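I have placed the structure first, in the form of structure tokens, so that the comments after it can refer back to it.
Throughout, read-outs are computed from the coordinates displayed, never taken from laboratory work. What you see is a predicted model, and the numbers here were worked out from it, not measured in a lab. Cβ placement follows ideal geometry from the backbone for every residue including glycine, while neighbour counts extend to all protein chains displayed.
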Ligand code: SF4
């Protein structure tokens, strides 16, 4: 039995194979080439988009942008690995015309063009809109935590610093006691005084640094800080508390393309519905917009603000329930009927609760003491001398939301099918379940813009196919 044989390495060829012959007509790199050639890099803000008349020639930003887009498409994000790809990968050789920039040039390009990458990501969304790939009928908003470069060990709080200071105090006291014992001649074995003095000095420096940190945090009112990456925050993630950023995305229902995204420092999503919805509305240039999100985005003030801006949100209203002291056995507030006309509630016994006070925008209503005092239902209503009912400052917005959600029972199922696809792809495919490579908001925004652009490009290829997409780009 024989094996399939490869070519002899020293065999010459009469007609050498060109790079172009090695790349199929429907290959990804041809799409990247066509797309980048469409862009006005100067307008997008790329550094060196216009070559200098004098001095050493630089790499064209289009070449480095192609390299990064290809890299994020292939899970190659580090500048050193991209440098290696330039030297060994035929697809990259075709894309860059065999240019082989070193890792520092590649890394500097990413570092210096943060805003331009975000603008390029937007330009692709604009292209998709023009190509009719974005419906704009329904947008699903969701967030996911992406781990920062900094590890949990770099996270400090005033309490942690105090604990560390106490440990340092103990160790300093231990060394001082050793010196005292040596002075009194109580040591069984002679100690190395200079070694102890050096250790003491090191501990005192650590203690001074610790105290400086505590003073700085107090002066700036910080409750937490990540050393080396001040923008990152400790956040709750499915795998426990991590130093991370909360990445928000707005996904169009038609083809699951990400139309807007933001890297935020918010640990929770409940203040992000309105800013994300309004930013998406601006991107899509639509006066009216329907958005959906999960219960984590529930926020009465933001429901109202969205409605005021022409945005119809679909979010399960999520309100805090006070279960302290067995309150759940009393009549639920939903059993009290509100009348907008008289601005009052009617209780289960038909009595009227009138407005008593405003508390941080919430409206507090109460029944009269005489009504409650003689009420047969009082034991099921309140332990106090009269019943109070609080109306949320944006109660009407909550009520409208409840009605909308009842009228659209499938909305949450739709939401899940729209948003879970992009985040699953981004985390596993683009990031390989790894953390960010760049630090701070600026760096993470750059990386996320590149990853999302790669995701959108991949999605567009899947939807249209390469020939159709190339035709649209041509
Ligand atoms: S206790 Fe007061 S508020 Fe409650 S049902 Fe009776 S009258 Fe109405």
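Hey, what did segment 324-391 get for relative contact order, percent, Cα under 8 Å, at least 6 apart?
Result for segment 324-391 is 26 percent.
Based on Cα coordinates alone, diagonalise the gyration tensor for segment 121-204, multiply each eigenvalue by 5, take square roots, and list the semi-axes in whole Å, largest first.
They are 65, 13, 8 Å, listed largest first.
Tell me whether segment 232-284 comes out rounded, prolate or oblate; compute the Cα gyration tensor, take square roots of the eigenvalues as a ≥ b ≥ c, and use a/c under 1.5 as the rounded threshold.
prolate
Which whole-number percentage describes the relative contact order of the chain, with Cα contacts under 8 Å and a sequence gap of 6 or more?
Computed value for the chain: 19 percent relative contact order.
Quick one: Debye curve from the C-alpha atoms of the chain, no solvent, what's log10 I(q)/I(0) at q = 0.07, 0.09, 0.10 Å⁻¹?
With no solvent term, the Cα-only Debye profile gives -0.60, -0.83, -0.93.
What distance in nm separates the simple spin-label points at residue 177 and residue 341, each placed 7 Å from Cα in the Cβ direction?
Reported label-point gap for residue 177 and residue 341 is 8.1 nm.
Which whole-angstrom value gives the distance between the alpha carbon centres of segment 366-402 and segment 156-231?
Segment 366-402 and segment 156-231 have Cα centres separated by 57 Å.
Round to a whole angstrom and tell me the spacing of the C-alpha centers of segment 441-474 and segment 297-315.
Segment 441-474 and segment 297-315 have Cα centres spaced 30 Å from each other.
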